[in-house]
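One structure below.
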Amino acid sequence: MLTQPLARKFRFCPQCGAPQPALEARGRFMECGGCGFLLYFNPGIGTGVLLADDRGRLLLLRRGKAPAKGKLGVPGGFADAGESAEAALSREVREEIGVTLAAEAFRYLGSAPNRYRYRDVTYAVLDFFYTARLPAGAQPQALDEVASWDWRAPASIRPEELAFPSLRAMLKLILPKVDFNTDSPR
Ligand SMILES: [Zn+2]
């Protein structure tokens, strides 16, 4: 499906109803020439965790829902307003695989921009990635929007299997450097 950036979806000013072209979409924000209403289009904050087991394998989730349905991702999701990235990730991990990981369990890895196409809108997103070790005795389940999950040796993961460019970029960046069997935190 053809998608458009969020800014293109505003055909009228949300405040005064002035039609385009009074609204000026300039990428970062739009401003209404009629009433001065200003709306920013900053990226949404996404989170993801490269969750390793004690053999250094990574937990990958097969997505049960659009976008990228059927492709592989990692546990994570969008931060709500007022949430830290780590708290959002902790909540998403619990919702998606039923595993409890405190915010302190995550070690920051890096960030990568993403484009999240949902219905007919393309959202700009900045994804923050972390590593963590699966707690002893924890048993992942396929819950919210997750079709299935599997442990994968990092070297066996092919870029085209992955749902999002940000995750591909992150794996490409770290796989040569990180031995998940020894370098990941507890
Ligand atoms: Zn206006």
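Let me have the 222 nm mean residue ellipticity of the chain computed from DSSP H runs of 4+ only, each contributing -39500 (n - 2.57), with the sum over all residues rounded to the nearest 500. So the calculated ellipticity at 222 nm is -4000 deg cm²/dmol.
Of all DSSP beta bridges confined to the range 44-174, the antiparallel ones make up roughly 70%. When you count the other C-beta atoms within 10 angstrom of each residue and take the mean per peptide, 7-16, 109-118 line up highest first as 109-118, 7-16. Taken over the C-alpha atoms, the chain has Rg and Dmax values of 18.8, 61 angstrom. Pair-distance distribution P(r) for the range 78-158, from all Cα-Cα distances in 5 Å bins starting at 0: 3, 12, 17, 24, 25, 13, 5, 1, 0 percent. What FRET efficiency would be calculated for the residue pair Y40, Q141, taking the C-beta separation as r and a Förster radius of 45 Å, to the nearest 0.05? The pair Y40/Q141 has a calculated efficiency of 0.75. Projecting label points 7 angstrom from Cα along Cα→Cβ for Y108 and S156 puts them 3.3 nm apart.
For the chain, the longest principal axis of the Cα atoms and the long axis of helix 165-174 meet at an angle of about 40 degrees.
Only the coordinates and a few stated rules stand behind these numbers; no lab work does. Note that the coordinates shown come from a computational prediction; the quantities given were computed from them, not determined experimentally. Positions of Cβ are generated from backbone atoms using ideal geometry, with glycine treated the same way; all protein chains shown enter the neighbour counts.
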